[in-house]
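To start, the structure itself, in structure tokens.
The values are calculated or read from the model by the stated rules, or taken from the named source; none is laboratory data. None of the values given here were measured: they were computed from a predicted structure. Quick reminder, even Gly has a Cβ in these numbers, built from the backbone with ideal geometry, and neighbours come from all protein chains shown. Just the protein is used for accessible areas: all its heavy atoms, side chains included, with ligands, DNA and RNA removed. Shrake-Rupley method; radii C 1.70, N 1.55, O 1.52, S 1.80 Å.
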Amino acid sequence: MKLVKPSWVSHDGKPIFSIDIHSDGSRFATGGQGESSGKVVIWNMAPVRNEEDEKNENVPKMLCSMDNHLACVNCVRWSKCGKYLASGGDDKLIMIWQFSKSGGGSSAFGSGGKVETFEQWRCVHTLRGHSGDVLDLAWSPQDTWLATCSVDNTVVIWNACKFPEIVTVLRGHNGLVKGVAWDPVGRYLATQSDDKSLRVWRTSDWRQETCITEPFAESGGTTLVLRLSWSPDGCCVVSAHATNNSGPTAQIIEREGWKTNLDFVGHRKAITCTRFNQCIFSKTLKKDGKTQQYACCAVGSRDKSLSVWVRTFTSIP
């Protein structure tokens, strides 16, 4: 495994709060603070993958920069099909971006003056449904729905086929909702809140399936986000900001019976985000030649470190 931190991926020194890679691996988006507003930037992945491309001045790094948000952008997420990019911010808005074929290169202002951009992305929908900052968002497996959560304690489910239509508003959390994640099988939506609970909702009737509180009962303080993640096989969801024997953990919640017997341990401070690679990997075991499937999960913490975990499994729901 190789870890790369490109120095040129920057919002002119301002904070970046979210990153997401396009489904085809060609580009990635960042969201955060701009000079006087929220900022979304789309970057070329080629200079990240290849050191020669990084040194080649003819290979663009920044593809497009958008500053339509009136306040800081907290989350950016590509749709599964890759056609759209959604962004949510402190201005209570969700913006849906689409590539503009008619546009060519242009200029955007950066710390060094004008910076050339090579693509045009336009805001095709602006969604208004929250009364507070939007902290996280997620597209459903088939891009049917978009879930967004906010400091207004709610989760809004949008009809992604008929923006800006709202399918339902999930109410049940008693605190700021800071994370949403769809079950890859499509049956559940998991949400996590400052009320020290993780709730799982059924997509069949949008009612609560379960509410899990025990792993979070001793979690002290708050974090900016609580980004949880489902494994690509759908067998578990990994939460943020749990504790075990007063130590910070990322709680593994099993799909079968919603058991909470396992966790990822090792960080010194609170876990703020977890993210599974959505690919299912396989390897051949040396001892018997059998194939073992596994998934990789990255865990980020307030201790300014990142850990990567491997979880093996034998069946898919």
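Find out how many positive minus negative residues lie around HIS11, taking Lys and Arg as positive, Asp and Glu as negative, among other residues whose Cβ is under 12 Å from that of HIS11.
-1
What is the spin-label model distance, in nm, from ALA298 to THR168 if the labels are put 7 Å beyond Cα along the C-beta direction?
Output for this residue pair reads 3.3 nm.
Taking the Cα atoms of region 2-50, what is the range of coordinates along each of the three principal axes, in descending order and whole Å?
Result for region 2-50: principal-axis Cα extents of 32, 21, 13 Å.
Show that you can apply the helix-only estimate: for the chain, add -39,500 (n - 2.57) for every DSSP H stretch of four or more residues, divide by all residues, and state [θ] at 222 nm to the nearest 500.
-500 deg cm²/dmol
Starting from the Cα of SER246, step 7 Å along the direction of its Cβ; do the same at SER23; then give the gap between the two resulting points in nm.
4.7 nm
Taking the Cα-to-Cβ direction at VAL59 and at ARG202 and moving 7 Å from each Cα, how far apart do the two end points lie in nm?
Label-label distance for VAL59 and ARG202, simple model: 5.1 nm.
Considering only protein heavy atoms and a probe of 1.4 Å, how much of the accessible area of region 1-82 is carbon and sulfur, as a whole percent?
49 percent
If the only charges are +1 at each Lys and Arg Cβ and -1 at each Asp and Glu Cβ, what is the size of the charge dipole of the chain around the Cα centre, to the nearest 20 debye?
About 500 debye.
Non-local amide H neighbours of LEU93 (under 5 Å, H modeled in plane, Pro and chain starts lacking H): which ones?
Those qualifying (amide H under 5 Å, at least 5 residues apart or on another chain) are VAL134.
Keeping all protein chains in position, work out how much accessible area GLU165 exposes to a 1.4 Å probe, and write it in Å² to the nearest 10.
So the heavy atoms of GLU165 present about 80 Å² to solvent.
Of all accessible surface on region 117-157 at a 1.4 Å probe, what whole percent is carbon and sulfur?
42 percent
With a 1.4 Å probe and all protein chains in place, put VAL169, VAL310, VAL41 in order of accessible area, largest first.
VAL310, VAL169, VAL41
Roughly how large, in nm² to one decimal, is the mean projection of the convex hull of the alpha-carbon atoms in region 242-317?
Its Cα hull, projected and averaged over all orientations, spans 6.2 nm².
What number does region 178-317 give for Rg over Rh if you use C-alpha atoms and the Kirkwood radius?
0.98
Under the 0.36 nm per residue contour assumption, what length would be gained going from the current alpha-carbon distance of GLU256 and HIS125 to full extension?
43.4 nm
Kindly sort VAL59, VAL167 by accessible area of their heavy atoms, largest first, with the probe set to 1.4 Å.
From most exposed to least exposed: VAL167, VAL59.
Can you give me the accessible area per residue for region 1-93, using a 1.4 Å probe, in Å²?
I get 50 Å² per residue for this part.
Amide H to amide H under 5 Å from VAL155: which residues, 5+ apart in sequence or cross-chain, H placed 1.01 Å off N in plane?
LEU170
What whole-number value in cubic angstrom gives the convex hull volume per residue for the C-alpha atoms of region 33-174?
Each residue corresponds to 126 Å³ of Cα convex hull volume.
Could you put ILE166, ILE42 in order of accessible surface area, largest first, with the 1.4 Å probe and the full protein assembly present?
ILE166, ILE42
Using only C-alpha atoms and all pairs of different ones, pull out the Kirkwood radius for the chain in Å with one decimal.
20.3 Å
Quick one: pull the percent of accessible area on region 236-307 belonging to carbon and sulfur, 1.4 Å probe, ligands and nucleic acids left out.
47 percent
Taking the alpha carbon gyration tensor of region 127-169, what are the square roots of 5 times its eigenvalues, largest first, to the nearest whole Å?
Working from the Cα gyration tensor, I get semi-axes of 17, 11, 7 Å.
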